Amino acid sequence: MSSGEPDRPDVIIRVIARMLLGPTLMVAAALVAKGYAEVGDGFGAGVAVALAIALTYVALGGARAEAALPVLRHGPKLAVGGLLLALATGFFPLLLGEPPVSHRPAPGEHVVKVGTLELFTPLVFDIGVFLLVVGVLIVLLHHLAGRDGRDGS
Amino acid sequence: MILAFALAAAVLFGSGAYLLLKRDLVRVVAGIMLISQCALVTIIGSGLTRGRAPIAVPAGQAVSDPLPQALALTALVIGLATVALLLALVHRVVMVFRTAERDDLAAGEAEHEAGLEAQRQADREEAS
Amino acid sequence: MILSVALLVPWATGAVLVALDGRRRAVGWLAVAVLAATFALLAVLTAQVLAGGSQEVVTGGWPPGVGIVLHADMLGVVFALLSVLVLLAATTHEVLAGIEERVFPGLVLLLAGGLTGLFLTGDVFNFYVFFELAMTASYVLTAYGGGRRQLRAAMVFTAVNLLGSFIFLLSVAGTYRVTGTLAMLDVGERMAVVDPNAALLIATGFFIAFSVKLGLFPFHFWLPTVYAGSSPAVAAILSGAVANIGAYGLLRFGPTMFPAQLRLVGAAIVVLGAVSLIYGAVLAVARGDVAESLAYSAIGQVGYVLVALGVGGPVGLTAAVVYSVVNALNKTLLFLAAGIRGPLVAGAFAVGALSVAGVPPAAGFVGKLEMFRAGIVVGSVPLIVLLTLGSGLSLVYMFQMYQRAFWRAPAPAGPASPLPLRLLTTAVALLVLAAGVWPEPLLAASGRAAEGLLPGAAG
């Protein structure tokens, strides 16, 4: 609520926003990594991170949030990069003469593992989706926070 | 259980429809959001099965049907995208019209209507 | 292979182009080139389907029934070709006129990707996903131009169509509930044995959802505001490409998935189509504004498609396909021509007007002819009277419009539009004429498409 000047939200919100960002990224990484055996996926991870970023926007306002986290200026690039990454993993099997959305290593083949994380192409797809969701929501937040009203997403 | 889902869907739809009839565009967007949530609840309610995830299931054990869950998830993603879009649109409407009321948007239409009437007048004069 | 590539090309390039500044000429032309490439790919696919029957790809190498099925048959490729052609014409028009917003080329390509996908899928839910991709792109496109009327049109279009999508999604949930599958062919087989009431309810849901897209009579309320409010190129895209979703959906879902329900309510569908036809024509005569008259004319023209669908059988379905194609071309031509001025344009508009009225050299004649054939096959006198009345009314409103736009002193018109723009419109007009003078390819393709829809057809 509006305590004091309108452009300076509560100090508590600002502190919490800053503190939450790191853990959220951790949770997002866990959501992507665990998605193949338990609950979680790239979309959920993306939304979680976007929520933390939204809180940062609320706490600091558009200009200061983007000064504090320069990556927020690259929302469109994140979104397009993520979409291309996802499309590439979806359609690369065409080059090998397989139907789209086949994955490598193919079923039954040996999979490299890092801890419990299996390294195969659906993981790349999920990371693409994650980037896409974060990117699109950053673009939206940027427009909603900005003062100019031109250029919808 | 299905009754619970049906009730939840009904409440969501009812509140959504109520909000849709409001003048404030932000409320209209909220109404559309609620109604799309109603579709999600319906999907889950209509395809609900209990059991383990269908990966390497021991024989004879119940399996939960993954398809309704996949449908709900996909619809959720699409819902997020459309809500984001609607919000951006409302934001732009507020920027251009300096208002979020539906009636003020219709004022432009009345002007257009007056222009048409003038044109019809010109037609009649030309004909006579 | 070509099937998947035709899907990938507009989608991937669309994703890249959204991020680039579309107001630059090069970006606009790149979008045109990509659309042309997609069109070429689809043309090759059409040739393959004509020669070797429909094609199918199951994603992920899964067995059919588990993986998502991409399915290219004649109906799908005809509609995909048509939509990409309309997008190509509208985008070229906009590039020549100067694009005003940076996201336009990318969005058109994403729309092309979504449309190609939904015409080439064999799975109800996948249809929904591509459908939403296409609709989301068109929601943003409606706001193109950024004026007050455009924004209002975009708000109305988005809100109404989201509710349409909601009804569609409910019907998908219902379909899965009663049949346990979402592959279109399997749904068609299993729908015969489910509770008739449930099946009818679901069929009605799909019918309403597609009618909203198409702007059929009781669900048309949003259409005039949107078509008249958006910029000419966008109106051409909405009426020539996006509205195809509704026509295709009715044709695909009706005869393949709900044949029994379609027979049951065939008469009601013919009546609804007739009401739409008369209502649209009468209001088009009554309204003054060119864009608004065209919008009401669109409501009337889709009435013909619905009448043909209600008549059913090989002749009715062929007529519906032919009429959808012809109508999409007409509307593209008219909306594009209505936005510009100068020599050649009046001629192009006249060709479009003749085509809507169904006068011989233009493509509309072929469409009307097929409609009359359908009317004669069912031997219904009222239907033939109705078709004649509709044609008469369309002649009246088209020439009223022509008179208003081109014979009146050029007070509001201003200077002539650039020559390339006028040449493009003339090219579209020539295409409409060509389809009328040499209709065999269109008729053959539509006949094949209708055959594939009838029960007992393989694939």
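The values are calculated or read from the model by the stated rules, or taken from the named source; none is laboratory data. Computed from a predicted model, the values in this text were never measured in an experiment. Heads up, the Cβs are rebuilt from the backbone with ideal geometry, glycines too, and the neighbour counts pull from every protein chain shown. Calculation scope for accessible area: heavy atoms of the full protein, side chains included, ligands and nucleic acids excluded. Shrake-Rupley method; radii C 1.70, N 1.55, O 1.52, S 1.80 Å.
For the reader, a short list of remarks on this structure follows.
- Rounded to the nearest 500, the 222 nm mean residue ellipticity of chain A from helices alone is -20500 deg cm²/dmol, with -39,500 (n - 2.57) taken per DSSP H run of at least 4 residues.
- Close amide H pairs (under 5 Å, H built 1.01 Å from N) link C:T121 with C:H71, residues at least 5 positions away or on another chain.
- Assigned charges on the beta-carbon of Lys, Arg, Asp, Glu; the stretch C:265-459 dipole about Cα centre (debye): 360 debye
- For chain C: rounded, prolate or oblate by the Cα gyration tensor [a/c cutoff 1.5]: oblate
- Per-residue mean of foreign Cβ neighbours for B:24-37 is 2 (Cβ atoms of other chains, 10 Å radius).
- Under Karplus coefficients 6.51, -1.76 and 1.60, residue-wise ³J(HN,Hα) of the stretch C:171-176 in Hz, glycine/proline x: 5, 4, 4, x, 4, 5
- Using distinct alpha-carbon pairs, which all enter the 1/r mean, Kirkwood radius of the stretch C:156-198 in Å: 11.5 Å
- Bridgeable lysines around B:K22 (alpha carbons under 22 Å apart, same-chain partners fewer than 8 residues away excluded) are absent.
- Neighbours of C:M74, meaning other residues whose beta-carbon lies under 11 angstrom from its beta-carbon, give a summed charge of -1 when Lys and Arg score +1 and Asp and Glu score -1.
- Those residues of the stretch C:4-30 for which accessible area with every protein chain present is at least 40 Å² below the isolated value (1.4 Å probe): C:S4, C:L8, C:W11, C:A15
- The stretch C:13-90, relative contact order [Cα under 8 Å, separation at least 6], %: 29 percent
- Relative contact order (%) - criterion: Cα under 8 Å, at least six apart; region: chain C: 15 percent
- Note on C:D21: accessible area approximately 40 square angstrom, rounded to 10, probe 1.4 Å, nucleic acids and ligands left out.
- Over 22 Å between alpha carbons, listed pairs A:K34/A:K77; C:K331/C:K368; A:K34/A:K113: A:K34/A:K77
- Interface between chains B and C: roughly 3500 Å² of accessible area buried, both sides summed (probe 1.4 Å, protein heavy atoms only).
- Integer Hz, Karplus 6.51/-1.76/1.60 couplings in order for the stretch C:258-270, x for Gly and Pro: 10, x, 5, 5, 5, 5, 4, 10, x, 4, 4, 5, 4
- Counting only heavy atoms of the protein chains and using a 1.4 Å probe, A:L132 has close to 50 Å² of accessible surface.
- Based on C-alpha pairs under 8 angstrom that are at least 6 apart in sequence, chain A has a relative contact order of 28 percent.
- Probe 1.4 Å - accessible area at A:E118, Å² to nearest ten: 70 Å²
- By the Stokes-Einstein formula, at 1.002 mPa s and 20 °C, the protein assembly as shown with its Kirkwood radius over alpha-carbon pairs has D equal to 80 µm²/s.
- The dipole here belongs to chain C: it is taken about the Cα centre, uses +1 on the Cβ of Lys and Arg and -1 on the Cβ of Asp and Glu, and is about 1040 debye.
- Shown are C:K368, A:K34, whose ranking by accessible area with a 1.4 Å probe and every protein chain present, most to least, is A:K34, C:K368.
- Listed residues C:V193, C:W438, C:Y176: farthest to the positive end of the dipole of the protein assembly as shown (Cβ charges): C:W438
- For the protein assembly as shown, the share of accessible area belonging to carbon and sulfur comes to 70 percent (1.4 Å probe, ligands and nucleic acids excluded).
- Sorting C:W11, C:W222, C:W407 on solvent-accessible area from highest to lowest, probe radius 1.4 Å, gives C:W407, C:W11, C:W222.
- In the stretch A:49-90, the residues whose accessible area drops by at least 50 square angstrom when the other protein chains are added to the isolated chain are A:V80, A:L87; the probe is 1.4 Å and only protein heavy atoms count.
- For the stretch C:265-459, diffusion coefficient by Stokes-Einstein and Kirkwood Rh (Cα), 25 °C, 0.890 mPa s, µm²/s: 144 µm²/s
- Chains A and C together bury roughly 1400 Å² of accessible surface, counting both sides and using a 1.4 Å probe on protein heavy atoms.
- Relative to one another, the C-alpha centroids of the stretch B:1-76 and the stretch C:122-141 are positioned 19 Å apart.
- The distance linking the stretch C:315-333 with the stretch C:186-236 is 17 Å (Cα centroid to Cα centroid, whole angstrom).
- P(r) tail fraction, the stretch A:38-116 - alpha-carbon pairs more than 20 Å apart, %: 56 percent
- Accessible-area ranking of C:Y279, C:Y144, largest first, probe 1.4 Å: C:Y279, C:Y144
- This model, with +1 at the C-beta of Lys and Arg and -1 at the C-beta of Asp and Glu, gives the protein assembly as shown a dipole about its Cα centre of some 640 debye.
- Environment charge at C:S165 (Cβ cut-off 11 Å; Lys +1, Arg +1, Asp -1, Glu -1): 0
- Neighbours of C:V326, meaning other residues whose beta-carbon lies under 11 angstrom from its beta-carbon, give a summed charge of +1 when Lys and Arg score +1 and Asp and Glu score -1.
- Average partner coverage of C:66-76, which counts Cβ from other chains inside 10 Å: 1
- Computed [θ] at 222 nm, deg cm²/dmol, chain C (DSSP H ≥ 4; -39,500 (n - 2.57); rounded to nearest 500): -25500 deg cm²/dmol
- For the protein assembly as shown, accessible area per residue (1.4 Å probe, heavy atoms of protein chains only), Å²: 41 Å²
- q = 0.18, 0.24, 0.26 Å⁻¹: log10 I(q)/I(0) that the Debye formula gives for the stretch C:289-330, counting C-alpha atoms only: -0.50, -0.74, -0.81
- Only protein heavy atoms count here, probed at 1.4 Å, and on that basis chains A and B bury about 1000 Å² of accessible area in total.
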